[in-house]
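Working notes for the structure below.
The values are calculated or read from the model by the stated rules, or taken from the named source; none is laboratory data. Just so you know, these numbers come straight off a predicted model, no measurement behind them. We place every Cβ from the backbone using ideal geometry, glycine too, and count neighbours over all the protein chains shown.
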């Protein structure tokens, strides 16, 4: 079983996922793109080559599971970094804190077509994928061992994708990650001081300054953040204050699908189909607090959900790893201009 | 001029270095290895193709600057992310904080030979390079605008190296980076509570557990940290408590050179010459506090300097960027065993 370990100096956890371990000779610095035409476990007809499915959309209820006929399909990751069965069993040993690698690791297969692209998806396809995100969040929130659920997408080998067939991933963690907790804490402190959402205030200022706003529509704002770590980094925020992605209305969800698709298309046209990561940042599930001092206890109403899109154009090097300080060679204002000019 | 910007939610700064800006067509996802045999500005004979040198070792004092005869040479980075001339001029605009991109960005050319390798360096060569590190730290600490100096090395294109000729880099910043400040704060809090160095306590426990100790010698401990973010991550700590790299004795510096070289050779043999980053983590310079509320004021005696070595074997993907939570597929205990077995 994998193990969660806390850094003895700072509050940063890592997953030591030894089930995924490789021999030293398996590491090399060249690209590991799977060959075109190789066997794909996510293509229709190969349903028996994934672990048994967790959910699917498109197939009639009467049809047998793990058969064809689906349009979106959720399966456990075959090489999960965390496993479902067992207890956390948190322990301390001198300076060290660790616990069992309990959690979930799922794959959302987004389309039957191996060569389908998120940029170019139909509104119906987008709606079904975002519906799958909501469904998995709602389901996994019921597991009381879990404290945070992250849904993300890696597109292109440079961005960490190891299978070419279009898919997103879900990882549910027994710990709120440091980087998320810092944002939750900052939002709470700001709210306690000002009785306003810090993200809403940033959005108001961005809307008045305009030079980092890529587009707006009735329900969403797309911008390149003021202190972007990476060139052409984008964020999609709901205009309406909301801490929780799953509370979107049908109308908002339809518009988010179109907004996300159109902005991935902007990046694709502007940057010649770059590798990218995107991830959904939403409030952690509510948890009862007894006996869990680190628990949030209440719902983080003062948070504001968003989607972060990070094109992978620059290499992260010693300076960034050593300091956490990032060098961005393209100002977000310049990136905004270029993205606005894309023919979408 | 580049600009330093603070994230409006959390305490993370970035450098928007637009002088380095590229057109969208300059970005692509393929490797950017400079062609073999291309012109190298760091090779002897091309001294006039770098900005005027800042320091050199090996050439007699009477010889003209920027001529051949050096063995280690320090020059300003031709495309600096921060510039030396000017005032910080820190400003606020609503939710946003920013200041001018003032600092230093230097290159330490480590050897005259283009194909020289750090792994395999002689004790004399190592001693001269580490001497250059000390010299630059001592020099840059005198600039009162600067709060933190990071010395790092990128080896291999995957690790961010853009020029093949062996070199380290120095970046001096007007702000203590968040990731460094967290460690300084943690060390201070621990010291105030226990009157002991937290790093010394971790080292004592690692020495008693033994399973992550790669090697020890009279003055240094080399280990793979308990909560390593990356496979085969290494740290080199001085056994003697010391917050400041520049306070090493001659004997310690000679032994550090041999220890660093030998462990880079371990990685090279075990992992087939992997790309890597290493960085020196040492206490920030002492600063007078008047008018600078964020100043440290006193020397961080409770810190413990070290060198971090990060082989770049895994890709960082959406999960890591979205959470700051890392997945390491090789346990540090297993990495330690493999590295101990290397024929060095």
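From the list A:121, A:172, A:187, pick out the single residue that is touching a strand residue (DSSP E or B) at 6+ places or on another chain (Cβ under 9 Å) and surrounded by 19 or more Cβ atoms within 10 Å (Cβ to Cβ).
Sole residue among the options that is touching a strand residue (DSSP E or B) at 6+ places or on another chain (Cβ under 9 Å) and surrounded by 19 or more Cβ atoms within 10 Å (Cβ to Cβ): A:172.
How about segment A:298-344: which of its residues are under 30 Å from residue A:134 (Cβ atoms), within 7 Å of another protein chain (Cβ to nearest Cβ) and crowded, with 21+ Cβ neighbours inside 10 Å?
Across segment A:298-344, the qualifying residue is only A:310.
Given the criteria surrounded by 12 or more Cβ atoms within 10 Å (Cβ to Cβ) and at pLDDT 90 or above, does residue A:53 qualify?
When the stated conditions are applied, residue A:53 passes them.
Residue under question is residue B:278, and the condition is that it be farther than 25 Å from residue B:192 by Cβ and either modelled with pLDDT under 90 or within 19 Å of the chain's Cα centre (by Cα) (or both); does it hold?
yes
Does residue A:172 meet the test of being under 23 Å from residue A:72 (Cα atoms) and within 15 Å of the chain's Cα centre (by Cα)?
Against the criterion (under 23 Å from residue A:72 (Cα atoms) and within 15 Å of the chain's Cα centre (by Cα)), residue A:172 qualifies.
Within segment A:205-226, track down each residue that is at the interface with chain B (Cβ under 7 Å from one of its Cβ atoms) and touching a helix residue (DSSP H, G or I) at 6+ places or on another chain (Cβ under 8 Å).
If the condition is that a residue be at the interface with chain B (Cβ under 7 Å from one of its Cβ atoms) and touching a helix residue (DSSP H, G or I) at 6+ places or on another chain (Cβ under 8 Å), then A:226 is the only one that fits.
Looking at segment B:1-43, which of the residues that are more than 25 Å from the chain's Cα centre (by Cα) and at pLDDT 95 or above is farthest from residue B:100 (Cα to Cα)?
B:9
Within segment A:144-163, take every residue that is out of contact with any helix residue (DSSP H, G or I) (no Cβ under 9 Å at 6 or more places or on another chain) and either in a loop (DSSP other than H, G, I, E, B) or under 15 Å from residue A:280 (Cβ atoms) (or both) and give me the one that is farthest from the other protein chains (Cβ to nearest Cβ). Walk me through it before giving the result.
Taking segment A:144-163 and keeping what is out of contact with any helix residue (DSSP H, G or I) (no Cβ under 9 Å at 6 or more places or on another chain), we get A:144-145, A:147, A:156-158, A:161-163.
Subset that is either in a loop (DSSP other than H, G, I, E, B) or under 15 Å from residue A:280 (Cβ atoms) (or both): A:144-145, A:147, A:156, A:161-163.
Details: A:144: 20, A:145: 16, A:147: 12, A:156: 6, A:161: 8, A:162: 9, A:163: 12 Å.
In this case the residue turns out to be A:144.
Quick one: would you say residue B:151 is at pLDDT below 95 and either buried (at least 19 other Cβ atoms within 10 Å of the Cβ) or under 27 Å from residue B:312 (Cα atoms) (or both)?
no
Here is a list: A:180, A:202, A:198. Which entry is facing chain B (nearest Cβ under 9 Å) and within 25 Å of residue A:133 (Cα to Cα)?
That would be A:180, the only listed residue that is facing chain B (nearest Cβ under 9 Å) and within 25 Å of residue A:133 (Cα to Cα).
Within segment B:56-70, work out how many residues are free of Cβ contacts under 8 Å to residues at least 24 places away in the same chain and touching a helix residue (DSSP H, G or I) at 6+ places or on another chain (Cβ under 8 Å).
So the count comes out to 2.
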